[in-house]
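The values are calculated or read from the model by the stated rules, or taken from the named source; none is laboratory data. Note that the coordinates shown come from a computational prediction; the quantities given were computed from them, not determined experimentally. Glycine gets a Cβ as well: all are built from the backbone with ideal geometry, and neighbour counts include every protein chain shown. We work out accessible area using only protein heavy atoms, side chains counted, and drop any ligands, DNA or RNA first. Shrake-Rupley method; radii C 1.70, N 1.55, O 1.52, S 1.80 Å.
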Amino acid sequence: MKFIEGTRVVTEDELQAHNITRYHVTKVYREQITNSGFYDQLKRIVEPSVEEFESPGSLDTSGEHDNTVVTGLQHKYAQTGLLLVTDRCASYCRYCFRKRIVGKNSHEIAPDLAQVAQYIESHPEMTNVLLSGGDPFVLSTAKLNKILDHLLPIAHLDSIRFGTKMIVYEPKRFEDSALGALIERIHRAGKSATIVTHFDHIGEISADVERIIRSLRAQGVQFLNQSVLLAKVNDDSEILAATFSKCHQIGVRPYYLFQGRPVKGASHFQVPLRRGLEITRGINQRLSGMHKTFKYIMSHHTGKIEILDLTDDDRVYMRYHQSKAIDKIGKIFSRRYVEAACWLDDLAEG
């Protein structure tokens, strides 16, 4: 199996010994999906099967390896640095299957933070850093503060972002009193603190989630949400429109609907682009005003690509939304559509 850190040989015995095919769901999340009325959809996110190892797709098609500039730091988009601070997540997620295996021998990535800071300082076009991995909030607040020691002095960074699903899986994590001080520290440095949530279904937004978000917003935290379009989970305009409306209601701005990339063990979640465009049209029909500002995005190894339309002559039109090459951003291009295609690389060139 190929990972960012290199190739690793994994036998079936090791897979069984490390429970890699066995799901792990927190008690809070289990109760939430059981009581939400959406169990049949949400269980697909967290309950893997042995058959997943036979599904097509590769472990990493998103360009992490190609865009890793120093240990733990990816510079995939011109204005954004992706800082991998941990290998761990709060729960198993079939969409990010590789994260379940990476890090079985260690709990955290060990980026060279001094080297990371030096790189960022030499790239003034980078205006924000997204702490990712894994999930940064599996780390202690003290550990996060040590990471901030290296980021906050960088003058041209205006935003520190945390990509997380811990709000769903472990809401009690956000009751840490030291977290408020960390947020205040970011603000004192003249930067915004932003949490990027990953609500893929309205059934994940519990009363505890609402309470936490409202509390953090009162402390000045900004919230964005990105949902991954997953077959048999949320490939329904009504569900996604309700999810986005709920996000707006509690002060979270939905800004991406992701076309999930092919990941080993999750490729059967893929939704054809034609169906994805039908879903986005249906979402917009159900929303009004600023609620329609989300973008239908494909996260490709060359950058984030906005999927615009499928024309009568079966061409998919797309636009570069984020890219390491600044001159690409905003450029529109098209490819011939192939029936049931789910991904840019599935489309015919020319």
Practice item. Mind counting the residues in the range 119-136 that are touching an Asp or Glu at 6+ places or on another chain (Cβ under 9 Å) and at pLDDT 95 or above? Key: 2
Point to revise | Residue count for the range 190-200, restricted to those that are buried (at least 20 other Cβ atoms within 10 Å of the Cβ) and not in a loop (DSSP other than H, G, I, E, B) | key: 4
Study note, to complete from the structure: Of (1) assigned to a loop (DSSP other than H, G, I, E, B); (2) closer than 29 Å to Ile45 by Cα, Tyr296 satisfies every one except (1)
Review point. Mind checking whether some residue in the range 149-169 is open to solvent by 60 Å² or more (accessible area, probe 1.4 Å) and modelled with pLDDT under 95?
Key: no
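Considering every residue within the range 315-328, establish whether at least one is of a type outside the set (Val, Ile, Thr) and in contact with a helix residue (DSSP H, G or I) (Cβ under 6 Å, 6 or more places away or on another chain).
Checking the range 315-328: at least one residue is of a type outside the set (Val, Ile, Thr) and in contact with a helix residue (DSSP H, G or I) (Cβ under 6 Å, 6 or more places away or on another chain).
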Check your understanding: Mind checking which residues of the range 318-342 are exposed (fewer than 15 other Cβ atoms within 10 Å of the Cβ) and assigned to a strand (DSSP E or B)?
Key -> Ile332, Phe333, Arg336
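Might you check whether a residue that is part of a helix (DSSP H, G or I), more than 20 Å from Leu224 (Cβ to Cβ), touching a residue at least 40 places away in the same chain (Cβ under 8 Å) and more than 20 Å from the chain's Cα centre (by Cα) occurs anywhere in the range 182-189?
yes
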Exercise for review: Evaluate the range 286-297: report whether one residue or more is closer than 13 Å to Asp236 by Cα and open to solvent by 10 Å² or more (accessible area, probe 1.4 Å).
Suggested key: yes
Point to revise | Residues within the range 234-254 that are in a strand (DSSP E or B) and crowded, with 19+ Cβ neighbours inside 10 Å, tallied | key: 1
Point to revise | Of the criteria (1) open to solvent by 20 Å² or more (accessible area, probe 1.4 Å); (2) touching a helix residue (DSSP H, G or I) at 6+ places or on another chain (Cβ under 8 Å); (3) at negative phi; (4) not in a helix (DSSP H, G or I), which one Gly220 fails | key: (3)
Check your understanding: Do we find that Ala231 is open to solvent by 10 Å² or more (accessible area, probe 1.4 Å) and either at pLDDT 95 or above or over 19 Å from the mean Cα position of the chain (by Cα) (or both) in this structure?
Key -> no
